[in-house]
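Structure first, then comments.
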Amino acid sequence: MKKFGQKKFVIPAAACLAVILFLCYYYFFSPMLASGNVGIVYVDGDDNIDSVYVKLEAVSKHHALSGFKTLARHSSYGEHIRTGRYEISDGEGAFAVFRKLKNGLQSSVRLTVPSVRTADKLAGALSKKLMMDSVEIYNALTDSATCAKYGYKPETMLCMFIPNTYEVYWNTSVDNFLDKMSSESKKFWNFERTQKAKAMGFSKEEVMTLASIVDEETANDAEKPMVAGMYYNRLKRGMPLQADPTVKFALKDFGIRRIYHNMLLVDSPYNTYRNTGLPPGPIRIPSVAGIDAVLDHVRHGYLYMCAKEDFSGTHNFAETYAEHLENAARYSAALNDRGIK
């Protein structure tokens, strides 16, 4: 009778324990993600516990979100919300997700620095990828003291950015981001590249400024060393570069398809028709191909170039001005035939 009495209590107790274990698994450890392999939740500085719940609701199963809310209510998470980009992987339950958010265990972002023309465009592009205000970024990029901290001027600050892809945290501060870009720039400018620049008599900023012009002149990477060699020849002879892209930059009109004589008169240090030497800084963040094209420029005798009349994106090169005028006449005729103004 005693054993029978014990069994009467053991079986219900085991059943209750099984139910409790099932509920714990169901609410706290069963997969939280509603669909897909990965869900992304961005928690920013304006979020409170309720807005975090709303963001989780968009990617979570209802019962798992209830489990998350239970954990949050019995912790200090609501008073210590940590910003970041959090990935919810397939198979992770509410407990694992809660631990990530509570401890700030965020996932990094693969950020590609764009080859944009101006500081405001860079600021805008970064603010779309990171938890940064575009005005704050722009102010930092154009502030003389901030630029000087990294060894640049506002005109040359874009030289610090190499358009590669980097792992960064979504909620990184502007200061930390600039520190990282400075460190990556120093890695890029290794001994070999630095020595090549010195052999040309160029600083790193001068290399990147010329590279930005080369990039604007042609998208053909194979031709870039030829273009770089032509401009290098002009610089060494003290000739003005007479680069059309610098006129567009001076006018801040990048949609111009045809340069006319009156445009060449614009009073700007970036107008390489009116000024000899390089402009004060790059006219865009140059590509790695453009930078290396300058460092490995082709040594030739060309001093002039003109876009080919077949609109292939490549150029006819010339050693004499007479040859150049012939090339320019063919290109001008092709523009007229197409009605390009």
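The values are calculated or read from the model by the stated rules, or taken from the named source; none is laboratory data. Every value quoted in this text rests on a predicted model; they were computed, and no experiment measured them. Reconstructed Cβ throughout: ideal geometry from the backbone, glycine too, with neighbour counts over all protein chains shown. With ligands, DNA and RNA removed, areas are computed over all heavy atoms of the protein, side chains included. Shrake-Rupley method; radii C 1.70, N 1.55, O 1.52, S 1.80 Å.
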Over segment 142-155, the set of residues open to solvent by 20 Å² or more (accessible area, probe 1.4 Å) and under 23 Å from Ile213 (Cα atoms) is Thr142, Gly151, Tyr152, Lys153, Pro154, Glu155
Considering only residues that are more than 27 Å from the chain's Cα centre (by Cα), small (Gly, Ala, Ser) and in a loop (DSSP other than H, G, I, E, B), which ones fall in segment 260-311?
Ser268, Gly277, Gly301
Inspect segment 261-283 for any residue being touching a residue at least 60 places away in the same chain (Cβ under 8 Å) and open to solvent by 30 Å² or more (accessible area, probe 1.4 Å) and give the result as yes or no.
yes
Strands (runs of 3 or more DSSP E) (entirely within segment 28-125) containing at least 3 residues that are surrounded by fewer than 17 Cβ atoms within 10 Å (Cβ to Cβ):
38-43, 108-112
Failed item in (1) hydrophobic (A, V, I, L, M, F, W, C); (2) closer than 30 Å to Asn336 by Cβ; (3) open to solvent by less than 60 Å² (accessible area, probe 1.4 Å), with Leu251 passing the rest
(3)
Among the residues of segment 313-341, which ones are of a type in the set (Val, Ile, Thr) and open to solvent by 50 Å² or more (accessible area, probe 1.4 Å)?
Thr320
Elements of type helices (runs of 4 or more DSSP H) in segment 161-224, at least 2 residues being over 20 Å from the mean Cα position of the chain (by Cα) and surrounded by 15 or more Cβ atoms within 10 Å (Cβ to Cβ)
191-200, 204-217
Among residues of segment 310-325, those that are touching a strand residue (DSSP E or B) at 6+ places or on another chain (Cβ under 8 Å) and among the charged types (D, E, K, R), counted
2
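Quick grid of which residues meet (1) of a type outside the set (A, V, I, L, M); (2) under 32 Å from the mean Cα position of the chain (by Cα); (3) under 25 Å from Leu130 (Cβ atoms):
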site: Ile11; (1), (2), (3): no, no, no
site: Leu21; (1), (2), (3): no, no, no
site: Val41; (1), (2), (3): no, yes, yes
site: Gly45; (1), (2), (3): yes, yes, yes
site: Tyr53; (1), (2), (3): yes, yes, yes
site: Ala64; (1), (2), (3): no, no, no
site: Ile88; (1), (2), (3): no, yes, yes
Selection from segment 27-65 of residues that are out of contact with any Pro (no Cβ under 9 Å at 6 or more places or on another chain) and small (Gly, Ala, Ser)
Ser30, Ala34, Ser35, Gly36, Gly39, Gly45, Ser51, Ala58, Ser60
So Gly151 fits all but one of (1) without any contact (Cβ under 8 Å) to a residue 40 or more places away in the chain; (2) assigned to a helix (DSSP H, G or I); what number is the exception?
(2)
Inter-residue pairs, beta-carbon under 7 Å, first farther than 17 Å from Ile340 by Cβ and in segment 310-327, second at pLDDT below 90 and in a helix (DSSP H, G or I), 6+ apart:
Asn316/Asn327; Ala318/His324; Ala318/Asn327
Restricting the search to segment 132-141, which residues are open to solvent by 50 Å² or more (accessible area, probe 1.4 Å) and polar (S, T, N, Q)?
Asn139
